[in-house]
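Colleague: Here you go, one structure.
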Amino acid sequence: MSQQGDFESLEEGQQSLQRLSTAYANIKRELAHAIVGQQMVIEQLLVALFAGGHCILIGVPGLAKTLMISSLARMLSLKFSRIQFTPDLMPADITGTEVIEEDRATGTRQFRFIAGPVFANIVLADEINRTPPKTQAALLEAMQEHQVTAGGKRHPIPDPFFVLATQNPIEQEGTYPLPEAQLDRFMFNVMVDYPSQEDEVEIVLRGTSDHAHELSEQISGAELIELAHVVRRIAITPSLALLATQIARLTRPADPQALEVVKRCVRWGAGPRASQYIVLGAKSRAALHGSPIVRREDIEAVAFPVLRHRIKLNFQAEADGISLENIIQDVVRKVDLSLPSSQSRERVAKVLRS
């Protein structure tokens, strides 16, 4: 396979990758003025954004999840909307509603659609698990189809469009777990952990000072869309494409090659969308780091956020103290032992060549 992927020329590919990696470096550098640490979280967010995927961020309160998302929106010069999910939130509060409008000159009345907060480029769905499933589902069509249907009419959502949702993992009273069908629409499940002691000292000093840094725009929405096309042109070899799909397949307890721990502790595993997102996420990460071709480290880096919300553990896992991270780590570490024969590799190569 050509090292330049789907680019028309090697020079074009190098220029496009240079633009993308430069934009990535600039965004990270500028974001560091607002966010201390959390480098892995920032990288996963940007990998998903340049791949065109939605993210769900899980972390305890006070870890700057909301600040991170709003700061990112400002630097990308995108329309930002925040929805605070509550138990009394209705679907129309998100998508919008139709109202009767009267023409004072003629006295005629007609319906007019008033767009809701979902009509933005970046939508922060804050504490998405605090609203009932009916309202959560209002995001499904917007996330998958980039449109909202109201009154029998379709209303397109402007591109680019990203839903970045947050969840608090420690408070479960009065919450509504997201249905698996909606969880699957999120490309990444990003875990936001506590900062290191050094980072926390800097957070405290910044948060108690009078200095405020004004974030500057780095790229426009049009540039983001253009650079997203660069991501999809990144090349992947047959062996790594096979590796990516095999990682997802090994999470399924019914698969003949599944690990014993998966068969014992997993209720159901990741579907084909996980394989797609592992490859797409690996392409995005490779491009952001200036590589014209997917590397194994890219696949391993995105496997965790792709698989976290697509694997359901059973009671045996809880009894044995086995976590999702343990399962994914075992699968990634032992995937080479389960790779099919060279004949299967050739079939994968034939698919890629076509």
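Colleague: So which residues in segment 254-273 are free of Cβ contacts under 8 Å to residues at least 60 places away in the same chain, surrounded by fewer than 17 Cβ atoms within 10 Å (Cβ to Cβ) and farther than 30 Å from Leu17 by Cα?
Modeller: Correct list: Ala254, Asp255, Pro256, Glu260, Lys263, Arg264, Arg267, Trp268.
Colleague: To continue, here is another question. Of the residues Thr97, Thr131, which single one is surrounded by fewer than 20 Cβ atoms within 10 Å (Cβ to Cβ) and either under 22 Å from the mean Cα position of the chain (by Cα) or not small (Gly, Ala, Ser) (or both)?
Modeller: Answer to the check: Thr97.
Colleague: A follow-up question, please. Under 6 Å between Cβ atoms, which residue pairs at least 6 apart in sequence (or on different chains) link something in segment 1-28 that is outside any helix (DSSP H, G or I) with a partner that is modelled with pLDDT of 65 or more and of a type in the set (Val, Ile, Thr)?
Modeller: Met1/Thr237; Gln3/Ile293; Gly5/Ile234
Colleague: Looking at segment 104-114, can you tell me whether even one residue there is surrounded by fewer than 20 Cβ atoms within 10 Å (Cβ to Cβ) and hydroxyl-bearing (Ser, Thr, Tyr)?
Modeller: yes
Colleague: Given the structure, is Phe162 among the aromatic types (Phe, Trp, Tyr) and touching a Leu at 6+ places or on another chain (Cβ under 7 Å)?
Modeller: Criteria met by Phe162.
Colleague: Of the conditions (1) surrounded by fewer than 13 Cβ atoms within 10 Å (Cβ to Cβ); (2) touching a helix residue (DSSP H, G or I) at 6+ places or on another chain (Cβ under 9 Å), Gly152 clears all except one; give me its number.
Modeller: All conditions are met except number (2).
Colleague: Ile100 - would you say it is modelled with pLDDT under 85, of a type in the set (A, V, I, L, M, F, W, C) and outside any helix (DSSP H, G or I)?
Modeller: Yes: the conditions hold for Ile100.
Colleague: Do we have any residue at all in segment 162-180 that's more than 14 Å from the chain's Cα centre (by Cα), hydrophobic (A, V, I, L, M, F, W, C) and over 20 Å from Thr66 (Cβ atoms)?
Modeller: Looking through segment 162-180, none of the residues is more than 14 Å from the chain's Cα centre (by Cα), hydrophobic (A, V, I, L, M, F, W, C) and over 20 Å from Thr66 (Cβ atoms).
Colleague: Quick check: anything in segment 182-197 touching a residue at least 24 places away in the same chain (Cβ under 8 Å) and over 24 Å from the mean Cα position of the chain (by Cα)?
Modeller: Yes; the residues of segment 182-197 include at least one that is touching a residue at least 24 places away in the same chain (Cβ under 8 Å) and over 24 Å from the mean Cα position of the chain (by Cα).
Colleague: Do we find that Val190 is modelled with pLDDT of 85 or more, β-branched (Val, Ile, Thr) and in a loop (DSSP other than H, G, I, E, B) in this structure?
Modeller: Here the answer is no, as Val190 does not meet what is asked.
The values are calculated or read from the model by the stated rules, or taken from the named source; none is laboratory data. Remember, it's a predicted structure, so these values are computed and weren't measured experimentally. Note: ideal-geometry Cβ built from the backbone for every residue, glycine included; neighbour counts use all protein chains shown.
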